[in-house]
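The next block holds one structure in the form of structure tokens; read it before the comments.
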Amino acid sequence: MTDAHAQTVNAPAVASDSTLLSVSAQAEASRPPDVAALSTGVVTQAPDANAALRANAQQMAKVVAAIRAAGIAERDIQTSGINVHPQYDYRDNQAPTITGYQASNTVNIKVRDIAKVGDVLDALVASGANQVNGPSFTIDQPEAVYDEARRAALEKAQARATMYAQSLGLRVRRIVSISEGGGFQPPMPMMKTMAMDARMESTPVSPGETTLSANLDVVFELGR
């Protein structure tokens with residue numbers, strides 16, 4: 001997908017018989033993602049904070065063991081938060097009272113084999129994880145995809161500049177400057193919920209495609 005618009009500008013000094021034209025062009029390139037990121041963790045409750053945290057640690061140890069058993073490398077496992085806070089009972093016209101404590105532990109993980117995402121999700125829940133968010137999909141080495149989008153955007157800008165020049169009875173002499181922006185459009189993952197049956201099928205996940213975009217502002221010198 002590409003898009004462009006143009007305007008004349010007052011920019012770098014050029015020959016007196018020249019006109020400067022600024023063209024903005026945008027293009028996209030898509031690839032199937034090769035990395036899935038998700039967060040998972042455990043929430044536990046107990047009458048006191050120590051008990052809540054101990055129970056959480058025991059359950060979370062099983063979750064982390066399941067993550068490692070699924071083949072997730074240590075560099076792709078990162079704790080994102082550990083929290084303990086009281087739970088209150090609110091009654092009308094009365095001061096709130098503490099009824100217990102809740103502990104939570106959350107880790108972020110990256111799955112580098114997209115085909116295993118469903119199995120990883122199932123392993124997390126089976127090991128005791130009661131919080132799962134994601135997955136979100138990305139491209140691990142995106143530069144080649146960005147370059148494809150950049151080339152398409154530049155071609156779009158050049159074609160648009162040529163069109164304007166010809167309409168004015170001029171020609172494109174040279175490119176004066178190029179500036180670049182960028183963008184990222186994550187795919188919308190689809191997780192289909194279904195009851196577990198005797199076959200123990202893994203959770204279906206559809207990674208879709210990841211779209212990267214390039215935005216260029218190109219200044220052309222036009223003349224006869």
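Structure data summary
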read-out: First in the range 75-96 and hydroxyl-bearing (Ser, Thr, Tyr), second anywhere and modelled with pLDDT of 95 or more, Cβ under 7 Å, 6 or more apart; value: 79/107; 80/39; 80/106; 80/107; 80/108
read-out: Residues of the range 49-65 satisfying the condition of being surrounded by 13 or more Cβ atoms within 10 Å (Cβ to Cβ) and over 20 Å from residue 132 (Cα atoms); value: 49, 51, 54
read-out: Condition broken by residue 4, with the remaining ones in (1) of a type outside the set (Ser, Thr, Tyr); (2) at pLDDT below 95; (3) farther than 30 Å from residue 158 by Cβ satisfied; value: (3)
read-out: Scope the range 9-49; condition among the charged types (D, E, K, R) and either at pLDDT 95 or above or touching a helix residue (DSSP H, G or I) at 6+ places or on another chain (Cβ under 7 Å) (or both); matching residues; value: 28, 31, 34, 48
read-out: Residues within the range 71-84 that are touching a helix residue (DSSP H, G or I) at 6+ places or on another chain (Cβ under 8 Å), surrounded by 14 or more Cβ atoms within 10 Å (Cβ to Cβ) and under 17 Å from residue 120 (Cβ atoms), tallied; value: 2
read-out: From 91, 68, residue being in a helix (DSSP H, G or I), surrounded by fewer than 19 Cβ atoms within 10 Å (Cβ to Cβ) and either at pLDDT below 95 or not assigned by TED's automatic domain parsing to the domain that holds residue 219 (or both); value: 68
read-out: Test result for residue 200, within 30 Å of residue 216 (Cβ to Cβ), at pLDDT below 95 and surrounded by fewer than 17 Cβ atoms within 10 Å (Cβ to Cβ); value: no
read-out: Hits in the range 131-152 - residues which are in a helix (DSSP H, G or I) and under 22 Å from the mean Cα position of the chain (by Cα); value: 143, 144, 145, 146, 147, 148, 149, 150
read-out: Test: residue in the range 118-130 that is part of a strand (DSSP E or B), polar (S, T, N, Q) and outside the structural domain of residue 209 (by TED's automatic domain parsing); value: no
read-out: Subset of the range 102-158 [free of Cβ contacts under 8 Å to residues at least 12 places away in the same chain and within 20 Å of residue 53 (Cα to Cα)]; value: 125
read-out: Yes/no for residue 103 being modelled with pLDDT of 95 or more, surrounded by 13 or more Cβ atoms within 10 Å (Cβ to Cβ), in a helix (DSSP H, G or I) and among the small types (Gly, Ala, Ser); value: no
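A quick yes/no check of all residues on (1) farther than 19 Å from residue 64 by Cα; (2) polar (S, T, N, Q):
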{"site": "86", "(1), (2)": "yes, no"}
{"site": "91", "(1), (2)": "yes, no"}
{"site": "95", "(1), (2)": "yes, no"}
{"site": "99", "(1), (2)": "yes, yes"}
{"site": "103", "(1), (2)": "no, no"}
{"site": "107", "(1), (2)": "no, no"}
{"site": "114", "(1), (2)": "yes, no"}
{"site": "120", "(1), (2)": "no, no"}
{"site": "124", "(1), (2)": "no, no"}
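The values are calculated or read from the model by the stated rules, or taken from the named source; none is laboratory data. Since the structure is predicted, the reported quantities are computational estimates derived from the model, not experimental observations. All Cβ positions, even for glycine, are placed from backbone atoms using ideal geometry, and neighbour counts span all protein chains on display.
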